[in-house]
Structures are given as C-alpha cells and as structure tokens.
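Notes follow once the structure below has been shown.
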Amino acid sequence: MSTRVGVGNHRYEVVEGWGKLPEDWRFVDVAGVAVNSEDNVIILNRGTHPIVVLDRAGNLLGAFGDGEIRGAHGVCVGPDDAIFCADSGDHTVKKYGPDGKLLMVLGIRDQPSDTGYDRSLDWPQREVKRAAGPFHCPTNVAVSQTGEIFVSDGYGNARVHKFAPDGTLLRSWGNPGHGPGEFWIPHGIAVDRESIVYVADRENSRVQRFSPGGEYLGEWSWVYRPTDLFIDQAGNVFVAEFGYRAGPVPGQLEPPGEVKPRGRVSIRALDGSVLAAWGEGPDDCAPGFFFAPHAVTTDSRGDLYVGEVVYSAGQRGRLVSPECHALQKFAHVL
C-alpha cells in the first residue's frame, strides 16, 4: 500500500525507490535539490559525485563537479537553467551551465571573510562575532526572474548578499542576533515573483521577509528551524524544517513545552499560514517521514522532492541508520 501525505490540494504519494544510481554511487547527504525547465532534477550531495542529474523517472542523466565542490550545501536553477551551488567548504558560490561547465565563481576560494567565526572550535565558541562581506561558509543561493543572485551567508556569517547577474556585488544586509534583520544561521533563501526575499533564519526558528533592497518586511515565527525554501509559480512556499532532534546547536531557541517538534515539510501561503505539513513520526526513516530535511523543490507538474542530511545531522550514523533515505520524491495527487 502506497504512503500518502498532505491535505486538500496539497496531497502527495511517496514514490518509493525513486532515483537510480550506479551500484557503487551513494548520495550520503542530499544538501540541495532543484529542478530545471525540462523537469530534470539537480541533486547537490556529499558523495563522490557532488552534482547528479536525474530525469523525472529517476534515471541518471549525468554528473559533474567532481573535485570542485568541497562543502555541498545549497543549489538553485536560474531562469536560463544555469545551476548555482553554495559551497560552504571553500567559501564560494559556483555557477555552472546546464552542460556542467563552470561559468563563474563568486567569492575567493579558501579565503573566508573576517567575522570572528572559527569552525575548528566547538559550539558555542564558534559564534559569528560580526558581519562581513562575502563569504564565510555560505549556505544557499536564489536567483530572481531578472537574474539577480541572492546568497544566504550562513554558518560563518550573518548576512544576505545581492549580486547583479554578472557577479557584481550590489549590497549586503544583516547582523548576528535575534532582532528584525538579524540572523542566527541564515540557512536558506528564496525569491518570489515580486522579488520579495525570504530567508530561513534557522536557529531563530523563523522566516524573515525583505524587499529586494534589504528592507525588513516581517517574519513568520516559530517555524521548526527552517533549512530551505522554495516558492512555486502559484505562490506556495515549501519549507524544509529541521526540527529539534537533528543537528542540535547548544543554546538554540526551542518552543515551550516538553514536546520538541521533529523534522517536517510545511507548505505555506505567502502570508505564512500553513496549508499542509507532514513528516513527524515515530520512525524518521519510514517512507514519507523525515529525520533531517535540508532541501525542497517542486517540478512543473507539482511533484515534490525533499533532500535530507541524515548522515551528518545524525552524527555519522549514531542517531539514525546511515541507510536512512537521503532523498524522497512525492508525486502530486490531483
């Protein structure tokens, strides 16, 4: 019997076993997922082949980025099908053509900006002491309909950076903290059709909204540690939410009460109201459930793809099996 999730117009069926890889390939962690104009699925992962491309049926079309991406963390596809990858390992954002050719690198490889962050330290000593320019462990990237590039920067910084299509830095905003326009791990980013910028402010458990120029417009509070955002053509906002079991951070904000929400995916209207949500359950590795949702996107037919970082967030197999699903496809039920 197939697993169904969601409600109303947002109902899905789990496509079990989706995604066919050669026998010796593994995704390990799926940090980012995006879909191009042909509904091919671009999977940014922490295996040997960091960028894997599958068709809608899950057949392998190709792979690239070997040896170029050190810290796979977030991916998006631009209006021209260019692929943008946030590399938290070497502090850059890389732009690839649809054919896998490297076209542009934002940031300087292995030269993090000076924020006082030291990822060699344990939490909470590795705090961001001050905001700075691009980049220090960038986490994700979004591209507007006009080609402007927005980057959440990220683990070692507390800023959003906006670039022109040619890579020229236009402006940056944000500081470490908990107030409006401040961030505690800006982890995911999306831009709607009106160029409003949505930022998944993970450890503040909220989504903040900004004008294209960085003016604070409001926020959605007590999202469960959001990691990624995707906005479809109808204006539905898909949010991957880490919950409070995977990848805990000492001192993190938590909701009141004894029950700590686990990982889930929520679908929201542009005002933040919840249209559907699922994923919390007794077995994080069962079909349709999640342990560490880190990436979310949909295709033109409304099918949903969710990537998880089960290996790293599960502390290398101690919390959940390393064999737990790193990628799930949910077919939209009409």
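The values are calculated or read from the model by the stated rules, or taken from the named source; none is laboratory data. Keep in mind the model is a prediction, meaning the values are calculated, not measured. Using ideal geometry, Cβ is built from the backbone for each residue, glycine included, and neighbour counts are taken over all protein chains shown. Side chains included, ligands, DNA and RNA excluded: accessible areas come from the protein's heavy atoms. Shrake-Rupley method; radii C 1.70, N 1.55, O 1.52, S 1.80 Å.
So for the stretch 135-145 (the condition being open to solvent by 10 Å² or more (accessible area, probe 1.4 Å), over 20 Å from residue 294 (Cα atoms) and modelled with pLDDT under 95), does at least one residue qualify? Yes: one or more hits. Restricting attention to the stretch 146-168, the residues being closer than 14 Å to residue 113 by Cβ, open to solvent by 10 Å² or more (accessible area, probe 1.4 Å) and assigned to a strand (DSSP E or B) number 1. Restricting the first member to the stretch 107-126 and to residues that are under 18 Å from residue 175 (Cβ atoms), and the second to residues that are of a type in the set (Lys, Arg) and open to solvent by less than 80 Å² (accessible area, probe 1.4 Å), the beta-carbon pairs closer than 7 Å and six or more apart or on different chains are 117/126. When you scan the stretch 20-112 for strands (runs of 3 or more DSSP E) that lie fully inside it, which ones turn up with 2 or more residues that are of a type in the set (A, V, I, L, M, F, W, C)? Once the strands (runs of 3 or more DSSP E) in the stretch 20-112 are filtered for at least 2 residues that are of a type in the set (A, V, I, L, M, F, W, C), what remains is 30-35, 41-45, 51-54, 60-64, 72-77, 83-87, 102-106.
So, residue 139, is that one among the hydroxyl-bearing types (Ser, Thr, Tyr) and either out of contact with any His (no Cβ under 7 Å at 6 or more places or on another chain) or in a loop (DSSP other than H, G, I, E, B) (or both) or not? Spell out how you get there, then give the answer.
Working: among the hydroxyl-bearing types (Ser, Thr, Tyr): yes; either out of contact with any His (no Cβ under 7 Å at 6 or more places or on another chain) or in a loop (DSSP other than H, G, I, E, B) (or both): no.
Answer is no for this residue.
Does residue 218 satisfy the criteria of being open to solvent by less than 20 Å² (accessible area, probe 1.4 Å), within 23 Å of residue 300 (Cβ to Cβ) and more than 16 Å from the chain's Cα centre (by Cα)? When the stated conditions are applied, residue 218 does not pass them. The residue of the stretch 283-312 that is nearest to residue 73 (Cα to Cα), among those that are open to solvent by 10 Å² or more (accessible area, probe 1.4 Å) and of a type in the set (Gly, Ala, Ser), is 312. Picking from residues in the stretch 174-183 that are in a loop (DSSP other than H, G, I, E, B) and over 17 Å from residue 114 (Cβ atoms), the one that is most open to solvent (accessible area, probe 1.4 Å) is 178.
Check the stretch 255-266 and report whether any residue there is within 25 Å of residue 330 (Cα to Cα), of a type outside the set (D, E, K, R) and open to solvent by 10 Å² or more (accessible area, probe 1.4 Å). Yes, the conditions are met somewhere in the stretch 255-266. You will find that of 62, 47, 67, the residue that is free of Cβ contacts under 8 Å to residues at least 12 places away in the same chain and open to solvent by 10 Å² or more (accessible area, probe 1.4 Å) is 67 and no other.
Looking only at the stretch 20-44, which residues are open to solvent by 10 Å² or more (accessible area, probe 1.4 Å) and modelled with pLDDT of 95 or more? Those that are open to solvent by 10 Å² or more (accessible area, probe 1.4 Å) and modelled with pLDDT of 95 or more: 35, 36, 37, 38, 39, 40. The test for being out of contact with any strand residue (DSSP E or B) (no Cβ under 6 Å at 6 or more places or on another chain), touching a residue at least 24 places away in the same chain (Cβ under 8 Å) and more than 24 Å from residue 212 (Cα to Cα) does not hold for residue 155. If only residues of the stretch 184-209 that are out of contact with any Ser or Thr (no Cβ under 7 Å at 6 or more places or on another chain) and either at positive phi or of a type in the set (D, E, K, R) (or both) are counted, the one that is surrounded by the most Cβ atoms within 10 Å (Cβ to Cβ) is 201. Residues considered: 323, 280. Of these, the only one that is more than 22 Å from residue 39 (Cα to Cα), touching a strand residue (DSSP E or B) at 6+ places or on another chain (Cβ under 7 Å) and surrounded by fewer than 22 Cβ atoms within 10 Å (Cβ to Cβ) is 280.
Can you spot a residue in the stretch 243-255 that is among the hydroxyl-bearing types (Ser, Thr, Tyr) and under 28 Å from residue 147 (Cβ atoms)? No, the stretch 243-255 contains no residue that is among the hydroxyl-bearing types (Ser, Thr, Tyr) and under 28 Å from residue 147 (Cβ atoms).
A quick yes/no check of all residues on (1) modelled with pLDDT of 95 or more; (2) surrounded by 19 or more Cβ atoms within 10 Å (Cβ to Cβ); (3) closer than 19 Å to residue 163 by Cβ; (4) of a type in the set (Val, Ile, Thr):
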site	(1), (2), (3), (4)
51	yes, yes, no, yes
58	yes, no, no, no
72	yes, yes, no, no
86	yes, yes, yes, no
93	yes, yes, yes, yes
96	yes, yes, yes, no
100	yes, no, no, no
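Is it fair to say residue 171 is surrounded by fewer than 23 Cβ atoms within 10 Å (Cβ to Cβ) and in contact with a Ser or Thr (Cβ under 6 Å, 6 or more places away or on another chain)? No: the conditions fail for residue 171.
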